[in-house]
Structures are given as structure tokens and as C-alpha cells.
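So the structure is just underneath, and the comments pick up after that.
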Amino acid sequence: MSAPTPDPMMTRRLRYGMVGGGPGAFIGAVHRRAASLDGLAELVAGAFSSDAARSRAQGAELGLDPRRVYASFEEMAAREAELPEGERIDFVAIVTPNHMHYANARAFVERGIHVVCDKPLTTTLEDAEALCRLVAERDVVFALTHPYAAYPLVKQARALVASGALGVVRKVIVEYSQGWLATAIEETGNRQADWRTDPARAGAGAIGDIGTHAEHLARYVTGLEIERLYADVSTFVPGRRIDDDANMLVHYRGGAKGILVCSQISVGEENRLALRVYGTDASLEWHQQTPNELLVRRADGPTERFTPGHAFLVPEARRGTRMPPGHPEGLLEAFANIYANVARVIMARRAGVAPDPLDLDFPTVQDGAAGVHFVHAALASGRTHAWVDAAYTPPTAGTGATR
């Protein structure tokens, strides 16, 4: 019997566009490299800057058809949606400053175009919840780029907790410390520091920029939801208008306790994201700067050391590994795991088949809303110097599930 004819909807590369990521932008280039890593998607369109000339310059540098390089995201959303189905973009990557995420995403979701959005989802909870409802209404795929949860050994850690290998989780310690904002470099012309320390564009400082990564990582691995928190929020650099350090006590639903630290004034630190989870039977430890090692400790036995690429890892961890054991993988590959999962889910939809459950493992718009709620709860606690209720259930949304 002859083999079935491959479905073109499953075999062609997806077309995507990008909003933001223009000349001098850091994260846009990371997204472009990650999206192309597995050969599942190609960049064909973009509105790379609010400055039309800069957008054209970036498009030319990337070799795009000038007719698909737009002066604004509004123009891009409208004109791409008008193209024949065989030409328009399948999804858009949004890599603009935080305050633009809602308007950017809404423009494409309203037109039924799938979205990959940088975090945090929005700067207000109202906008985050509006996006949740709109995603459900238009039934689009919406992914949020929390790449640290996409490392293979983070997925292994999650599976260990879910299987009961640690027993009942009692304590969670998660830290994300940087030192790059220990001085007022926003006053020196540093573009990244300029917008990330501007309340109007960033919404929140260290809590929104890296605290959301810490909160999501702990939630992803443990499955625990924050019930209450107490945040000591500080702005150490004189004249800065936004938080640059926070230390939190966390109470989780079910009785576990936690500590969450996020800091951008910790001199000498680069990207120290680290997670420790303590259960009644065992504990685990993972560090983002050495991501190819997961440690599991027990009181009555030797420490176990997990590394990527082995057949004994859970399917989710194996799916996210591209190299044989002993060959390290890093942040770019973790970003690519999100893009690859999103691409395969979109391909499955186009082919009219159910997606592989492993492909649904990426942060969604609901994760984004939970992150925005966390930011607002932490800032409220910092202002009042009191414990605040942080329990939250996002509105129902569409495809993808990591919560």
C-alpha cells in the first residue's frame, strides 16, 4: 500500500510577522533566531519600529519584501488579514515594550491571527483579562514567552513534583537576581534601561521584568498557586521612578510556604535565576546559569544528578532536547521550544487534527494574566507594608495549557 500523501498544511513552514525588534533591540533578534531554529517558521513581514524609516531599514537588513514591511502594527494587522490565506502570516511575534503588548496583541487576535507575545502580558490586569476573553472568543493560539520553563530539566523537575517523588511540597525558594541596574544607567542613553525604568512603558520594574519569570517558574514546576504574599519593595537607585528590588514571603494554597526574590541592583550578578523545592521526602534544585543540571536530594540516599538527552527522562524533557547527552543547550533552545510547540499546534489546527498533547506545553494568555495579577499584588503589598490576598483564577482562554 502506498504511503499517504503529506498534508501541505502540515509540511510547509509557517509564515510569521514581528512587531518590534527593530535596529538596536535585543530581544527581537533572540526571538527571530529561536523561531527559525527548527525550520518550522519563516519571517515574512514586520512592523519593526514605530519609526517607519527604522522599520524599513530592519526589513531590508532581514531581506524581506518591502511590501511586507509596515510603518505601524495597525497597518500590518489590517493588510496581512486582507491577504489570501496562502500568503498571509500564520502568527505574529510581539517584542515591543510592555505598554504596547495589549494594543499589539488585540489588533491581531481580533483578526484571528495567532500570537506569540513577550512577557509580561500587559501592564494592567484589566487589559490582561480582556485579552483572555478575546483569545477565547476568536479561538486563536496565544503563547507567552517564559522561556525558562521550556528548559528540558525544568520539565523534568515538574514531572518529579507531579509524580510525588518529593512527597508533599512544603517550601519553595526562587530567586532572580541581576546587577545591571545597580547604577542609573538609564541616564547614560542605554535604550534598554531607558524604557525598562520608565513606569509608563514598563508598568513595573524588577517585579515585572524578572519577578514574573521567577513566579512563573515556581508555579510551573510545583503547580502551586499563590494565596497570600508580603512584599518588601524597594527603589535603591536615587531618582529612579520604578522598583529595582523586592523580597517576598509567599503562602501557597494547600499550606506550602515560599520566598521569592527579584533584584536588579545585586552587583556582580548576571542572570541568577534559581529554584529550590523542598518536599517531605526529597528536594530539588535548578539554576538557569547551569541549566543542564538538575539535583535531587534525599535524607537517606545520595544526590541524584539529571542531565539532558537521556532516554530515562520524561517525554516532555526529551521533546525539548536537541543534542545527545553531554552537549549543553541554553536559552536560545529554550525559546525555540516554545516556538516549536506553538508552530506544531498551529500546523495541527490547519490540518484539522488534534495537536500532540506534548505540543500544548507552553505558557498561555492565562499564564500572562496570572503574572500581571502577581505584579499588582506585590506592588500593593509593597505600598501598604501588609499581607495581601494574591489568590487568582484567570478568565477562560483557548489553546495551550501549562497551569
Seminar exercise, completed: The correct pair for the range 160-281, radius of gyration to one decimal and Dmax as a whole number, both in Å and from Cα atoms, is 15.9, 51
For this session: Using the Cα centre as the reference, give the magnitude of the dipole from point charges on the C-beta atoms of the chain (Lys, Arg: +1; Asp, Glu: -1; all else neutral), rounded to the nearest 20 debye.
Result: 500
Exercise. In debye to the nearest 20, how big a dipole does the range 184-271 give about its Cα centre with +1 on each Lys and Arg Cβ and -1 on each Asp and Glu Cβ?
Worked result: 300
Exercise. Quick one: Karplus J couplings for the range 92-101, per residue in order, coefficients 6.51, -1.76, 1.60, θ = phi - 60°, nearest Hz, x for Gly and Pro?
Worked result: 10, 9, 10, 10, 8, x, 3, 5, 9, 4
For this session: Please find, in a Gaussian network model of the chain (springs between Cα atoms separated by less than 10 Å), the residue of GLY86, GLY24, GLY59 whose mean-square fluctuation is greatest.
Result: GLY86
Problem set entry | Residue among CYS262, CYS132, CYS117 with the largest mean-square fluctuation in a Gaussian network model of the chain, springs linking Cα atoms under 10 Å | CYS132
Problem set entry | DSSP-defined beta bridges in the chain - what % are antiparallel, rounded to 5 | 60
For this session: Using Cα centres only, tell me the gap between the range 238-291 and the range 325-403 in whole Å.
Result: 18
For this session: With an 8 Å cut-off on Cα pairs and a minimum separation of 6 or more residues, tell me the relative contact order of the chain in percent.
Result: 20
Exercise. Can you give the calculated 222 nm mean residue ellipticity of the chain, where each DSSP H run of n ≥ 4 adds -39,500 (n - 2.57) and the sum is split over every residue, rounded to the nearest 500 deg cm²/dmol?
Worked result: -10000 deg cm²/dmol
Problem set entry | Net charge contributed by nearby residues that have their C-beta within less than 13 Å of ILE27 (K/R +1, D/E -1) | +3
For this session: Can you tell me the relative contact order of the range 232-331? Whole percent, Cα pairs under 8 Å, sequence separation 6 or more.
Result: 13
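Taking 0.36 nm per residue of sequence separation and subtracting the Cα-Cα distance, how much length would be gained by fully extending the chain between GLN289 and SER72, in nm to one decimal? Don't jump to the answer; show the numbers that get you there.
Working: separation 217, 0.36 × 217 = 78.12 nm, distance 3.67 nm.
So the chain would gain 74.4 nm between GLN289 and SER72.
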Seminar exercise, completed: Candidate cut points under chymotrypsin sites (Phe, Trp or Tyr not before Pro) in the range 227-334, DSSP loop plus at most 12 other Cβ atoms within 10 Å of their own Cβ, are PHE312
Exercise. Comparing ASP356, ASP367, ASP118, which has the greatest mean-square fluctuation in the GNM of the chain with Cα pairs linked when under 10 Å apart?
Worked result: ASP356
For this session: State the answer as a single residue: which of HIS146, GLY268, LEU40 lies farthest towards the positive end of the charge dipole of the chain, with beta carbon charges of +1 for Lys and Arg and -1 for Asp and Glu, about the Cα centre.
Result: LEU40
For this session: Determine the dipole magnitude for the range 346-398: charges of +1 sit on the beta-carbon of Lys and Arg, -1 on that of Asp and Glu, nothing else is charged, the reference point is the Cα centre, and the result goes in debye to the nearest 20.
Result: 200
Exercise. When the convex hull of the Cα atoms of the chain is projected onto a plane and the area is averaged over all directions, what value comes out in nm²?
Worked result: 21.4
Problem set entry | Most to least accessible of SER177, SER266, SER163 (protein chains only, probe 1.4 Å) | SER163, SER266, SER177
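The values are calculated or read from the model by the stated rules, or taken from the named source; none is laboratory data. In this text, all values refer to a predicted model and were calculated from it rather than measured experimentally. Neighbour counts run over all protein chains shown; Cβ positions are idealised from the backbone, glycine included. Heavy atoms of the whole protein, side chains included, go into the accessibility calculation; ligands, DNA and RNA do not. Shrake-Rupley method; radii C 1.70, N 1.55, O 1.52, S 1.80 Å.
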